[in-house]
Amino acid sequence: METPLNRKLQSRATLGVGLMILGLALYPIADAFIKHLMGTYQVHQTTFLRALMRLIPLFAATFFHGGPKSILKTQNPISHTVRLAVNLAYTYAFMYAFSMGSLTFTYILSYTSPFFMILLGSLLLKEKVSLDQWGAVAMGLIGVLIATRPSSTAFEWAAILVLLATFLGALNKILMRRLASTEHSLSIAIYPNIVMIVVTLPFLLSTWVPMPLEHWGLFGAVGVLTAAGQYAIAQALRFTRASTLASIDYSTFFWVVSLDFLWWSKIPEIYTLIGAAVIVGSNLYIMYRSKKEVVSDISVPVQSQAIERN
């Protein structure tokens, strides 16, 4: 069970990076299901069911950590409110983008997130960003550009929504990082889904479309996958600096390519493979930097670092 003492921000870079990779791997799979379902259902119904289904396993998990009352108790209602407003706008922007553009197109543009995360991490969390970290992020972005060879379609409305959502998503992660110093990871994951249900429910009174049993099953799978991903990312942001995790966002590229091939029979071109190699290189370098952080953990007390970032 987490307590206020062990809930302090920690510096366990390798664990944080591993959790971020796991959390980010689950989201493209869930998004592929969502993209498939959005061919039948409107954004409000899809968003409502997505939040409802992942709220179920999250609430179940609270009983292993002291119960819902203990988990949902907050010391920072204002911080939660600000973060929830950002998360709401971020989710809706991405959901509408998914309804307008392809899964691959959406994810490609979302790889601008590291720049936003490093900038916001520096401004809001006072994190120091080294030149080699900037270089690794830039190299990963170059890999994305090689793999996708963006054209004028990047300026369509879907692209504007994705870029807006990406900025809000980066800000959302920074706010999660700040909340992680006092709040339980489950509460950070649960509250956005409650807000999403409350906001979308009124729209469903006149637009609800009945669903077959198999679609309920798909939404259930989305709930489990995104709940696990949400919790893993919340934990990752507790253990590792936002700037260290920034380039890990690129790891979703490989899941998107795999899903395109397995689900929509799209075979990656040679440029995609070259870009993928560059992205792997940048992420391996981030992992190398993370190991160096682990060495520094031995000589720097965890609690003193946490106090500096509160």
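Values quoted throughout were computed directly from the atomic coordinates according to the rules given, and no laboratory measurement underlies them. These numbers were taken from a predicted model, which means no experiment stands behind them. We place every Cβ from the backbone using ideal geometry, glycine too, and count neighbours over all the protein chains shown.
For segment 13-309, with the dipole built from +1 on Lys and Arg beta-carbon atoms and -1 on Asp and Glu ones, taken about the Cα centre, which of Thr81, Leu109, Leu22 lies farthest toward the positive end?
Value: Thr81.
Which whole-number percentage describes the relative contact order of segment 85-194, with Cα contacts under 8 Å and a sequence gap of 6 or more?
49 percent.
Can you tell me the FRET efficiency between Ser122 and Lys266 if r is taken as the Cβ-Cβ distance and R0 is 25 Å, rounded to the nearest 0.05?
The pair Ser122/Lys266 has a calculated efficiency of 0.10.
First check a/c for segment 131-237, with a ≥ b ≥ c the square roots of the eigenvalues of its C-alpha gyration tensor; if it is under 1.5, answer rounded, and if not, answer prolate when a/b is larger than b/c or oblate otherwise.
oblate
Take Ser130 and Val198, extend 7 Å from each Cα along the Cα→Cβ direction, and tell me the distance between the two endpoints in nm.
4.4 nm
So how far, in whole Å, is the C-alpha centre of segment 208-230 from the one of segment 75-147?
25 Å
Quick check on segment 33-152: take the gyration tensor over C-alpha atoms, sort the square-rooted eigenvalues as a ≥ b ≥ c, and tell me if it's rounded (a/c under 1.5), prolate or oblate.
Verdict is oblate for segment 33-152.
Given Cα pairs under 8 Å that are at least 6 residues apart, what percent is the relative contact order of segment 13-309?
41 percent
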